[in-house]
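Just below is one structure, and these are the notes that go with it.
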């Protein structure tokens, strides 16, 4: 009965926060907090923290919400405390949450890449496969997913919850860990070896099923998702424009395949054209010198804020 009353009180509390707004949005607190605020800024939504860090202030009157841990977000969205929120695909699976996954948003504190939950052991350990862990102890934050993984491989082992700093617990406290990694550098630094990958994960925008069935809320959530995707798409690309003699156009397009489907405009001098395109940021350092050698002039690289494919 106590749990029921507590759940009811929490729901009434969250609902009361946004009686006059269209969406109650859950933002992730912790390592994703600052990257999320920055991403929303690029997407056109200005968010500031209120006097207490769990209270965001939006420049959109249709949105209200709170900061909560990503590990808990999918449960709050499923129960209707939030209409939608940002969390990890891993935590949706860990909590077995029945929510609508609106879109994938690949970003984190340190990079924009897919992360992996891996089974890791000390470099010197004789363990080569998950089967070798029978009867041993594994520490992880991702308890339910790890237990399901072991069951899939018919391995009986003890899985204990880790409150953090999981890498330092082997081999003195546990035999192996299941931990989240992007590059594997932290594991290597702690002399750990990856045995297997349990799953890949990234940030996702999730929605409550009832909210998703509401046309007005669904449209608003889809708009937010599109703008967040556009902001992420733009981070890895730049705009490029330059002038070129018309006679060299075919040569440039043939030699520089990264210049896909550029916009080509005539100049006041018919013997010259202006080209404008979007390229991967990392290839601009090769393309710009090549363009200069091919006779391009007025080369300008400019940042992009949003890119909608």
Of all residues in region 241-281 being touching a residue at least 24 places away in the same chain (Cβ under 8 Å) and closer than 24 Å to residue 113 by Cβ, the one that is surrounded by the most Cβ atoms within 10 Å (Cβ to Cβ): 279
I'd like to verify a number: residues in region 45-85 that are over 21 Å from the mean Cα position of the chain (by Cα) and not in a strand (DSSP E or B), how many? 12
From the list 108, 97, 131, 186, which one is part of a helix (DSSP H, G or I) and under 30 Å from residue 39 (Cβ atoms)? 186
Some residue of region 267-282 being within 27 Å of the chain's Cα centre (by Cα), part of a helix (DSSP H, G or I) and more than 30 Å from residue 99 (Cα to Cα): yes
Among the residues in region 178-196, are any touching a residue at least 24 places away in the same chain (Cβ under 8 Å) and within 19 Å of residue 65 (Cβ to Cβ)? no
Inspect region 16-30 for any residue being assigned by TED's automatic domain parsing to the domain that holds residue 89, modelled with pLDDT under 90 and part of a helix (DSSP H, G or I) and give the result as yes or no. yes
Filtered residue count, region 220-249, keeping only those that are closer than 19 Å to residue 309 by Cα and assigned to a helix (DSSP H, G or I): 15
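The values are calculated or read from the model by the stated rules, or taken from the named source; none is laboratory data. These figures come from a predicted structure and were not determined experimentally. Virtual Cβ from ideal backbone geometry, glycine too; neighbours counted across all protein chains shown.
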